[in-house]
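Note sheet for the following structure.
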Amino acid sequence: MFATKVLLPPEKIILKLPALLILIMGLLICSINKPAHAIVRGKPVHGLALYGEPKYGPDFEHFEYVNPNAPKGGTLTRGLIGTFDSFNAFSFKGTPPHPAILQYAGNGSFFYFNETLMARGADEPMALYCLICKTVEVAEDNTWIEYTIRPEARFHDGSPITAEDVVFSFNILMEKGHPRYRYYWGDVDSVEKLEEDRVRFYFKTTKNNELPMLVGEIPVLKKSFWETRGIESATLEIPIGSGPYRIDSFEPGRFFTFKRDPNYWGKDLPVTRGSANFDVMRFDYYRDDDVSFQAFLSGAFDIRGENDPTRWATGYEQDLIDSNALIKEAFSDNQPDEIHPFVINIRRAKFTDIRVRKALALAFDFDGTNRTVAHGLMVPFRSFFQGAGLESTGLPKGKELEILERYRAQIPREVFTTAFEPPRNKSEGDLRKNLMLAQSLLAEAGWIIRDGILTNENTGERFEFEFLLRLPFYERWVGPFLKNLERLGIRGVIRLVDPTQYLNRMDEFDFDMTIGARPLWGGQSNSPGNEQREMWSSDAADRNGSENWIGIKDLGIDAIIEDLIKAPTRESLIAHTHALDRVLLWNHFVVPAYVEPNIWWAYWNKLGRPQYTPASGPQPAVWWYDEEKDAELGRLQNTHTNDTKGLSKLLVIALIAAGSVLAFIVYRQRRRT
């Protein structure tokens, strides 16, 4: 996408040029056609883009997707599922409110408490702009990255953010923080304080083109606070942050509130202007999603992201939508879609044979389930990178085929011969055919029916497993799947646990099968990179807390991931992503269930938001409280309540009347007898 293309002049014109001019032009052409460095290097700049120049120049005033004149004030209330018992989002221990809320800060999402060196732009594939830093410089040879810290950058206690804090933050996170950091920033060799306001990170390799971008996302912690507390421990002590909000009040497991800091040091920066518009942000916790939904409809909180298609289609009161009191909106973005495959834990002996995994996939009836439980709103799972042009399609060719050829002996042969398509049941009899094929594959793998139960003929093990879930509505997808498996002699049971128990079990890979879903698993950006190690690499397979839920240990996949991370151009990155996708698909690591093609949001019409929604989707961090809308919303809600009360009264009167008539009829019949 970003490669430079040069159009040569006609050959007859070149032949008429002096020899020296021809030589100069040839050198220029070779220079231009040389693969461009992924990131601008060799000079201090205001921002970085993974490929080419960032969208916004050094003098930009604000992002296009914000309202720089948005009013400040009001309260935004959100609903969260689960609980929390710690404000330390950097540790493997404890349950923080939501790691994203406390871990990072920036314009692009609900991150408010702790600032990073740079902030991500939400309307570009991968671009960062200086936040804590004033300038950033990447070495010509990509061996280091250096930041100059803004003199105005402050922690909440008023103390300056220094290079020493940056050095401490990186070292403590890598040594004692959550294990994911050691994968994310594993190619950083060391960090050095050059001056009070200058810090430099040195790299182990010059080939990791994404690494300078990742370093910019390091959260900067206050050294004097964390060095005496122990970052590896859970704690409800409120940390000293640096973002636009401070933690104001809380009850563990029930709620916490952010209060906007009127003296926030970064409020006039281009990367923050138009954001952090609410005076107070409250996060209320609910143990159950159904209870959360009813609370939302009652007006207990303001914005709800929906992922239940039945609820989206039929659960919201139409009169509230028609009156414009409640807004339902489906957003499409330029990001990979949210995938929901059934993730198989191949650490379990029964799932190690690829024929077994193929058979399981054949038992899933997407078409029938989508029609009956999702109102036809979902689409089939075809890729781990579905959407945004990153998914593999057809047969491999060009650069992608060249990549795959290097590992032909280590990857399934179907990668080269067959375009991947999930099993479908479009016509009558398709499911029966798929189940017969599944039965044949299971027999080949040594599983036979004995006393009505599929049994391993060598070990005598019965094919029984547990399907672990954290949300009740997933049962609608899993239930029909398990019924189809029963026809094959497989006994699967659903185990529904609360979100905290689910997280703990997934961190320890204590499951047989589950549904993969963001934000816990499978979330892809439109610029895949180092995080792929966390999801699919052999090193991550045995590390508790990683996203390699499947347990993949495959040298070919490891090699493709490393090549992907080193991709010098956007075109090369896409080719490597396609190659990785194919290999993952044809190993049948998951049952290809379904994909959400849109982002569903419902919110009460008391909020203002910019007209422009960026490619990465809606950004509530740049919305604001609208006093006039709130007043009108109150009037509409009162009208709705009164109408509901009126209908209830009419219903009661009707029931009384019907009861009286029925009683009279019974009385007359008794008189006659």
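Summary table
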{"read-out": "Check on residue 342, part of a loop (DSSP other than H, G, I, E, B), farther than 30 Å from residue 634 by Cβ and out of contact with any Asp or Glu (no Cβ under 8 Å at 6 or more places or on another chain)", "value": "no"}
{"read-out": "Residue 567 touching a residue at least 12 places away in the same chain (Cβ under 8 Å), touching an Asp or Glu at 6+ places or on another chain (Cβ under 6 Å) and either surrounded by 21 or more Cβ atoms within 10 Å (Cβ to Cβ) or not in a helix (DSSP H, G or I) (or both)", "value": "no"}
{"read-out": "Conditions (1) more than 22 Å from the chain's Cα centre (by Cα); (2) closer than 29 Å to residue 497 by Cα; (3) of a type in the set (A, V, I, L, M, F, W, C): number failed by residue 283", "value": "(1)"}
{"read-out": "Residues (in a strand (DSSP E or B), of a type in the set (Gly, Ala, Ser) and surrounded by fewer than 22 Cβ atoms within 10 Å (Cβ to Cβ)) located in the range 110-156", "value": "none"}
{"read-out": "Residue in the range 210-222 that is over 17 Å from residue 116 (Cβ atoms) and surrounded by 19 or more Cβ atoms within 10 Å (Cβ to Cβ) present", "value": "no"}
{"read-out": "Lone qualifier among 542, 558, 554, 512 - being open to solvent by 40 Å² or more (accessible area, probe 1.4 Å) and modelled with pLDDT of 90 or more", "value": "542"}
{"read-out": "Subset of the range 273-311 that is of a type in the set (S, T, N, Q) and open to solvent by less than 50 Å² (accessible area, probe 1.4 Å) - its residue that is modelled with the lowest pLDDT", "value": "307"}
{"read-out": "Filtered residues of the range 580-612 (kept if touching a helix residue (DSSP H, G or I) at 6+ places or on another chain (Cβ under 7 Å), charged (D, E, K, R) and not in a loop (DSSP other than H, G, I, E, B))", "value": "582"}
{"read-out": "Yes/no for residue 274 being small (Gly, Ala, Ser) and either assigned to a strand (DSSP E or B) or farther than 23 Å from residue 250 by Cα (or both)", "value": "yes"}
{"read-out": "Cβ pairs under 8 Å, 6+ apart, first in the range 158-186 and closer than 17 Å to residue 212 by Cα, second open to solvent by less than 30 Å² (accessible area, probe 1.4 Å) and of a type in the set (Lys, Arg)", "value": "183/533; 186/533"}
{"read-out": "Single condition residue 314 does not satisfy, out of (1) at pLDDT 95 or above; (2) not in a loop (DSSP other than H, G, I, E, B)", "value": "(1)"}
{"read-out": "Lone qualifier among 504, 484 - being surrounded by fewer than 15 Cβ atoms within 10 Å (Cβ to Cβ) and within 33 Å of the chain's Cα centre (by Cα)", "value": "504"}
{"read-out": "Which numbered condition residue 476 misses (of (1) in a loop (DSSP other than H, G, I, E, B); (2) touching a residue at least 24 places away in the same chain (Cβ under 8 Å); (3) open to solvent by 50 Å² or more (accessible area, probe 1.4 Å))", "value": "(1)"}
{"read-out": "Unmet criterion (only one of (1) open to solvent by less than 10 Å² (accessible area, probe 1.4 Å); (2) in a loop (DSSP other than H, G, I, E, B)) for residue 205", "value": "(1)"}
{"read-out": "Any hit, the range 259-268, residues being outside any strand (DSSP E or B), touching a Ser or Thr at 6+ places or on another chain (Cβ under 6 Å) and open to solvent by less than 50 Å² (accessible area, probe 1.4 Å)", "value": "yes"}
{"read-out": "Flag for residue 495 being outside any helix (DSSP H, G or I), within 27 Å of residue 567 (Cα to Cα), in contact with a strand residue (DSSP E or B) (Cβ under 8 Å, 6 or more places away or on another chain) and open to solvent by 40 Å² or more (accessible area, probe 1.4 Å)", "value": "no"}
{"read-out": "Residue match in the range 581-601 (condition: open to solvent by less than 20 Å² (accessible area, probe 1.4 Å) and closer than 30 Å to residue 75 by Cα)", "value": "yes"}
{"read-out": "Output for the range 179-195, where each listed residue is out of contact with any strand residue (DSSP E or B) (no Cβ under 8 Å at 6 or more places or on another chain), open to solvent by 70 Å² or more (accessible area, probe 1.4 Å) and either in a loop (DSSP other than H, G, I, E, B) or more than 28 Å from residue 507 (Cβ to Cβ) (or both)", "value": "195"}
{"read-out": "Residue 462 modelled with pLDDT of 95 or more, touching a strand residue (DSSP E or B) at 6+ places or on another chain (Cβ under 8 Å) and among the basic types (Lys, Arg)", "value": "yes"}
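Listed here are the residues, each with its yes/no results for (1) in contact with a strand residue (DSSP E or B) (Cβ under 8 Å, 6 or more places away or on another chain); (2) over 27 Å from residue 478 (Cβ atoms); (3) among the aliphatic types (A, V, I, L, M).
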{"residue": "537", "(1), (2), (3)": "no, yes, no"}
{"residue": "548", "(1), (2), (3)": "no, no, no"}
{"residue": "552", "(1), (2), (3)": "no, no, yes"}
{"residue": "567", "(1), (2), (3)": "no, yes, yes"}
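The values are calculated or read from the model by the stated rules, or taken from the named source; none is laboratory data. What you see is a predicted model; the values in this text were computed from it and never measured. Heads up, the Cβs are rebuilt from the backbone with ideal geometry, glycines too, and the neighbour counts pull from every protein chain shown. Each accessible area value is taken on the protein alone, full model and side chains, heavy atoms only, with ligands, DNA and RNA left out. Shrake-Rupley method; radii C 1.70, N 1.55, O 1.52, S 1.80 Å.
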